[in-house]
Structures are given as C-alpha cells and as structure tokens.
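Worksheet for the structure shown next.
What follows draws every value from the coordinates through simple rules; no lab data is involved. Computed from a predicted structure; not experimentally measured. With ideal geometry, Cβ positions are generated from the backbone for all residues, glycine too; neighbour counts draw on all protein chains shown.
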Amino acid sequence: MLDATDDDLMRLAGGGDRGAFTRLVSRHFARAAAFAGRVTGSRSDAEEIVQEAFLRTWLKAPAWQNRDARPGGAQFSTWFYRVLLNLCIDRKRRPIAAPIDAADAVADPAPDGFARTASGEIGRRVNAAIATLPERQRAALVLCHYEGMSNIDAAEVLEIGVGALESLLVRARRSLREILADLAVDTVRKVG
C-alpha cells in the first residue's frame, strides 16, 4: 500500500478501508496544515480546517470508486487543495468571537514546520507581507511557491485559466517586492 497512488487510496477508502484513508491522511496532513496556515495566517484555524477537509474527504471517498463519479473528474490532490482553499476562504470571512490566543492551553514546545519557517525576522516579515495580499493572489502564491504545484494544477484548484493564474502571480510578486523593498536594502547593507 506504500506505493499506492492517492487515487488508489481514495478508491480503497471509498470501499471502507480505514488503513488506506489513514495512509492518505499521513501522506498529506503536514503539507495541508502548512498550506492552510499560510493562507489563513492562523495555525489554530489551519488545524481545524485540515481536520474538516479530511472529514469531507472521508465522506466523498465512495465517489472515487467510480472514476466517472469523481467530484469534477479531478485527481485527488487538485480536488483536495480546492476543498482546503475553500475552507480557508470561508474561515477568513467568518467573524471571530475571541482570539484563540486568549485560551489557556499548553502548546507543544517542539516547533512545527510552519513555526520554524516563520521563526526568523525575515520569515515573519515575508509571512506578514503575504498575509496582506488579496485572497486570490495569496492563494496562487502559496499553491505555486510553497506547495510546488504547477501553474496548470494551481489554476485548476483556483478554477481559473493558466493566464489568469500567471497574472495573479505577477501581481503578488510585484506587491511583495514593494512591501519588502527595505528588506533587500537592509540585507545589502549588512553584507556590504
């Protein structure tokens, strides 16, 4: 089962194979959480979103038994990231009653991948700059540069054409260059 494709695992899960679904979750959980965290800017929201996305995946798994009945006929990763992105967008639009930081919970002291990436000052500045981008630009940037999706796959996730995706990426990069212009100057001064 280790060499099974995601689509194979979904078909098996659709037949009730919990082991196949567990394998699918373990294969995608970390990247999905990082993606959701980058899009929402909140690690706690990201964890809830990923759980919801996998719940929806389990519920949709029976449709993967029949290739023609798949949601949109998409391959698993494209379909899954579309679900994830929709949940992220929905979460960002939902009013927040109280910040999660107000809760008295003990956090795991071991930093996760998202925290390690954002731990340095430059990482914090880049993440803050990405968070200021419009939703569609931020999603395009995260899908292509952080998730390593091809422009074709990212365009499919965003339900737009490749040309429109490339336009979003150009605008996102231009905005980031403007926002982070002082970073490049400071870095040159420190090196020089």
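Would you order Glu121, Glu52 from fewest to most other beta-carbon atoms within 10 Å of each residue's own beta-carbon? Write out the running numbers ahead of the final one.
Values: Glu121 10, Glu52 16.
Ranked by crowding around the Cβ, least crowded first: Glu121, Glu52.
Counting neighbouring Cβ atoms within 10 Å and putting the fewest first, the residues Ser150, Ser175, Ser167 line up as Ser150, Ser167, Ser175.
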